[in-house]
Amino acid sequence: MTERKNLKISSRKQPKQTRSTELVAAILQAAAQVLAKEGAHRFTTARVAEKAGVSIGSLYQYFPNKAAILFRLQSDEWQQTTGLLHEILQDKRRAPLDRLRALIHTFIRSECEEAAMRVALSDAAPLYRDAPEAKEVKASGERAMQAFMREALPKATKARREMAGELVKATMSAVGKEFSETARTEKEIKAYADAMADMFCAYLRELGAI
């Protein structure tokens, strides 16, 4: 258990030349394919190296273990998703509740589009979820949500804002996961996101009126 918590998940080195960048990209593409086909429990660095057509030594130059590869896949997905969500939350040209509605629609659609990979990465999460890098990604999302809540609920107490932020994030994550486990049409996605957005907008309006 101690070994898992201290497992190194950072890349050994960052690619600086075009050839190195292409090698890392090939490894990550192969890793995504192996993960999708084999699942987290049969995911190994040897399988990834074979799929990528590189030596295990070349793979280890950039990733010290399979946890590092899986975290990189998860981190890339997080950065893409959270970057878009942060952009929505910080767009002050739009009213806060309009941003919240856009956030929910974007998140639900993303969950549905990436359901297969998300489930596989979720199975692999115990390998890296206690690492400092993973905790910092989570903390970044929490900071962005709390900054949004301070703007959306300027008259609410800090405790109420924190509770609202946690409730929105936790519900989006849990409900989005369950909803995306079944294939959905565009119409279903929109209707579901609209209903969730209506619920949270009503909740924030009530808190803002207190």
Near pairs, Cβ below 9 angstrom, 6+ apart or cross-chain, from segment 91-115 (within 12 Å of S173 (Cα to Cα) and modelled with pLDDT of 90 or more) to any residue that is of a type in the set (S, T, Y) and not in a loop (DSSP other than H, G, I, E, B)
F107/T81; F107/S173; I108/S180; I108/Y192
Exactly one of E188, E136, E162, E178 is closer than 23 Å to K92 by Cβ and assigned by the TED database to the domain that holds E87, and that residue is E162
For segment 143-168, enumerate the residues that are open to solvent by less than 60 Å² (accessible area, probe 1.4 Å) and part of a helix (DSSP H, G or I).
A144, M145, Q146, A147, F148, M149, A152, R161, A164, G165, V168
Residues that are among the aliphatic types (A, V, I, L, M) and either outside any helix (DSSP H, G or I) or more than 21 Å from R205 (Cα to Cα) (or both), drawn from segment 169-181:
A174, V175
Qualifying positions in segment 45-78 - within 21 Å of D130 (Cα to Cα) and loosely packed, with under 13 Cβ neighbours inside 10 Å
D76
Take the conditions within 20 Å of A36 (Cβ to Cβ) and of a type in the set (G, A, S) and apply them to A49. Does it pass?
yes
Could you please give the count of residues in segment 195-210 that are open to solvent by 40 Å² or more (accessible area, probe 1.4 Å) and in a helix (DSSP H, G or I)?
8
Quick one: count up the residues across segment 121-136 that are in contact (Cβ under 8 Å) with a residue 60 or more places away in the chain and surrounded by fewer than 17 Cβ atoms within 10 Å (Cβ to Cβ).
4
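The values are calculated or read from the model by the stated rules, or taken from the named source; none is laboratory data. Treat the numbers as computed from the prediction; the structure is a model and nothing was measured. Methodologically, a virtual Cβ is constructed for each residue, glycine included, from the backbone with ideal geometry; neighbour enumeration extends over all protein chains shown. For accessibility, only protein heavy atoms count, side chains too; no ligands or nucleic acids. Shrake-Rupley method; radii C 1.70, N 1.55, O 1.52, S 1.80 Å.
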